[in-house]
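A.B. asks: Take this structure first; my questions come after.
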Amino acid sequence: MFKLFILILISFKLSASTITVALASNITYAIPELKKEFNKIYPNINIRTIISGSGKLTAQIKHNAPYDIFMSANMKYPENLYKSKYAISKPKIYAKGKLALLSFKQYDFIDIKKLLLSKKIKKIAIANPTLAPYGKASIEFLQNIKLYDNIKNKIIYAQSISQTLLYSLNATDIGIVALSSLKSDKLKDYKINKNFVEINPKYYTAISQGIVLLKRAKNNKDANSFYEFILSKKAKKIFKNYGYDI
């Protein structure tokens, strides 16, 4: 009986395949549930994720990193990869990200401008706008509410939106983070309008997030299955539960 079990296990491992997905860091909290739902349909396909800023991942792909799929935090990077023939599928939007203000301290978030200008706020964490689409949207938000020039000396730049979350919780007074990061277990006791507030999307260009199949995935049915799943209604429902527009 034990030998039979071992043979079945070996057979399963031999039949299983692994695909590698380069993933923008804002999707960190949604990806476990996405993988779980995908594996209910395709139990023999393992998903390996490489998580970083979209700009860094794009540079890695152009240096032939062994990735099958790229899920970016915007459309710019996937479009660049497609035009440069590093991607074999036209970029498609899988979700639209949102911004939030977050602090480990409790503040009155009713008047955001007043709060950010106050002497209580000495350091503000933002993702690097040259590397992270969420950082670019954060700067746009501050400019559109006529605040950037007044508080730019307070800004501390993180390398990615996930690092911005760490800064917001440990090193700065407040930060502009991905709304999806509020699903972190670390934030389950944080309160709306006291620790965080969603930023009105009218103050920044919609963060349309794009997905592409990369050259390495050519003729890879398993990679194509995950790609199609991410664009499915089931995946869109998961993204919506994590604070994204769809």
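The values are calculated or read from the model by the stated rules, or taken from the named source; none is laboratory data. Source: prediction; values computed, not measured. Quick reminder, even Gly has a Cβ in these numbers, built from the backbone with ideal geometry, and neighbours come from all protein chains shown.
A.B. asks: If you check LYS96, LYS114, which single one turns out to be of a type in the set (D, E, K, R) and part of a strand (DSSP E or B)?
C.D. replies: Exactly one residue qualifies, and that residue is LYS96.
A.B. asks: Taking ALA125 as the residue in question, decide whether it is assigned by TED's automatic domain parsing to the domain that holds ASP173 and either outside any loop (DSSP other than H, G, I, E, B) or of a type in the set (Gly, Ala, Ser) (or both).
C.D. replies: Judged against the criteria, ALA125 is a match.
A.B. asks: On to the next question. Every residue in the range 109-126 that is more than 16 Å from ILE155 (Cβ to Cβ) and in contact with a Leu (Cβ under 7 Å, 6 or more places away or on another chain), please.
C.D. replies: PHE109 - this is the single residue of the range 109-126 that is more than 16 Å from ILE155 (Cβ to Cβ) and in contact with a Leu (Cβ under 7 Å, 6 or more places away or on another chain).
Per-residue answers, yes or no, for (1) in contact (Cβ under 8 Å) with a residue 60 or more places away in the chain; (2) on the phi < 0 side of the Ramachandran plot:
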site	(1), (2)
THR205	yes, yes
ARG216	yes, yes
ASN219	no, no
ASN224	no, yes
TYR227	yes, yes
LEU231	yes, yes
LYS234	yes, yes
PHE239	yes, yes
GLY243	yes, no
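A.B. asks: Mind checking which residues of the range 224-240 are assigned to a helix (DSSP H, G or I) and either aliphatic (A, V, I, L, M) or modelled with pLDDT under 95 (or both)?
C.D. replies: Across the range 224-240, the qualifying residues are ILE230, ALA235, ILE238.
A.B. asks: Moving on. Which condition number does ASN46 fail, the rest of (1) within 20 Å of THR28 (Cβ to Cβ); (2) in contact with a Phe, Trp or Tyr (Cβ under 8 Å, 6 or more places away or on another chain) being met?
C.D. replies: Unmet condition: (2).
A.B. asks: Could you run through the range 145-167 and say how many residues are in a strand (DSSP E or B) and aliphatic (A, V, I, L, M)?
C.D. replies: Here the count works out to 3.
A.B. asks: Given the criteria surrounded by fewer than 23 Cβ atoms within 10 Å (Cβ to Cβ) and outside the structural domain of ILE69 (by TED's automatic domain parsing), does LEU231 qualify?
C.D. replies: no
A.B. asks: Only one of SER118, SER160, SER138 is surrounded by fewer than 18 Cβ atoms within 10 Å (Cβ to Cβ), outside the structural domain of ALA24 (by TED's automatic domain parsing) and either more than 27 Å from GLN209 (Cβ to Cβ) or not charged (D, E, K, R) (or both); which?
C.D. replies: None of the others qualify; the one that does is SER118.
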